[in-house]
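The values are calculated or read from the model by the stated rules, or taken from the named source; none is laboratory data. Predicted, not measured: the structure shown is a model, and the values here were computed from it. Cβ atoms come from the backbone with ideal geometry, glycine included; neighbour counts cover every protein chain shown. To get the accessible areas, we keep the full protein, side chains included, count just its heavy atoms, and leave off ligands, DNA and RNA. Shrake-Rupley method; radii C 1.70, N 1.55, O 1.52, S 1.80 Å.
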Amino acid sequence: MGPVWIPWYGLFIVIGIAVGVLTGYILLHGTRFKYDDFIQAACFVGLGAMAGAKLLYFVVSWGNIDFSRITDLEYLSLLMGSGFVFYGGLLGGMAGLYLCGKILHIPVLALARETIPVIPLAHGFGRIGCALVGCCYGIPYDGPGAVVYTDSPAAPLNTPLFPVQAVEAAGEFMIAAVLVVYIVRSRKLGKTPWSLELYLGLYAVLRFFLEFVRYDDRERGIFLGISTSQWISAAVLAAVVLHFKRYKKTDCPL
């Protein structure tokens, strides 16, 4: 019997989705929302996220795509099966959520605010998959926690690297925990949680600073010394801050 090949990234994506589905069920227990609506919204979000993540990857990596090999099925399969940008997925997921509300007449904004911890939770498991495969790797670093890849399709081999994927996974799980506590607290106060806005702000800050210890510049795109994700993070954070300032006199339970 030969060696067993385990697709770590795909495996942890599946684990993240499963944990997210279970978490959504728990979060909606005792609320006015239907779990079926959550599942339908999740399907729209998932499809939109995959399309958006791939589209933004094409945008930032356009110069690195070998179009002379685009008819090569092996190359095309590799191109379509790898390379996703989370912020593209987030934007695509939001577009999918909007379409879900329009098509199925589901109160998607209120539903998202009750179940938003699912996103950082699933994303955190995805980052664990990244750490095991070697994609989204960190800068050269030989301090505590450094990782060395001896067999990776993405990361530099035999080079100590900063464990940025593991750090982001930990950050994502912390954000999920904060959101759950915040949502529960808001329910006790009888107020609508602004958890979607809180998530966007927290993740934007986390991602902006983690980009400084990422090393896969070519895949992410750099403009004026700042990565594409940092520009998006800054824009998202600015939008969230302006949103809170505009509605600070409402019943926001922050």
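On average over all directions, what projected area in square nanometres does segment 110-193 have, based on the convex hull of its Cα atoms?
Values: hull surface 25.1 nm².
Averaged projected area of segment 110-193's Cα convex hull equals 6.3 nm².
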Positive-end residue, the chain charge dipole about Cα centroid, Cβ charges, pick of Ala166, Thr192, Ala53: Thr192
Furthest towards positive pole of dipole, Tyr182, Ala235, Ile15, structure part the chain, Cβ charges: Tyr182
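Find the relative contact order for the chain and round it to a whole percent, using C-alpha pairs within less than 8 Å whose residues are 6+ positions apart. Mind dumping the intermediate values first?
On the way: 341 pairs, mean separation 50.9, N = 254.
Relative CO of the chain lands at 20 percent.
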For the chain, with +1 on Lys and Arg beta carbons and -1 on Asp and Glu, the positive-most of Leu111, Ala154, Ala42 along the dipole: Leu111
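Please compute one quarter of the surface area of the Cα convex hull for the chain and express it in square nanometres. Intermediate results must be reported in sequence, preceding the final value.
On the way: hull surface 67.9 nm².
Answer in nm², one decimal: 17.0.
Can you give the FRET efficiency for Arg246 and Ile15, using 1/(1 + (r/R0)^6), R0 = 35 Å, r = Cβ-Cβ distance, to the nearest 0.05?
Numbers: r = 39 Å, r/R0 = 1.10.
E(calc), rounded to 0.05, equals 0.35.
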Accessible surface of Asp142 - all protein chains present, 1.4 Å probe, nearest 10 Å²: 140 Å²
Sum of side-chain charges, Gly134 neighbourhood, beta-carbon under 11 Å (Lys, Arg +1; Asp, Glu -1): -2
Hits among lysines - C-alpha to C-alpha of Lys245 under 23 Å, sequence gap 8 or more where chains match: Lys191
Span-rule helices in the chain, defined as complete DSSP H runs reaching 20 Å or more along the axis (Cα) with Kyte mean at least 1.6: 8-28
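Only Lys, Arg, Asp and Glu count, each charged at its Cβ (+1, +1, -1, -1), so figure out the dipole size of the chain about its Cα centre, rounded to 20 debye.
The calculation lands at about 1280 debye.
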Pairwise FRET efficiency - Ser152 versus Lys102, Cβ, R0 = 41 Å, nearest 0.05: 0.45
The chain: most fluctuating residue of Gly190, Gly96, Gly88 per GNM, C-alpha cutoff 10 Å: Gly190
Accessible area (Å², per residue) of the chain, counting only protein heavy atoms and a probe of 1.4 Å: 56 Å²
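If you roll a 1.4 angstrom probe over the protein chains with everything in place, what fraction of the accessible area of the chain belongs to carbon and sulfur, to the nearest %?
Numbers: 9960 of 14200 Å².
Ligands and nucleic acids excluded, carbon and sulfur reach 70 percent.
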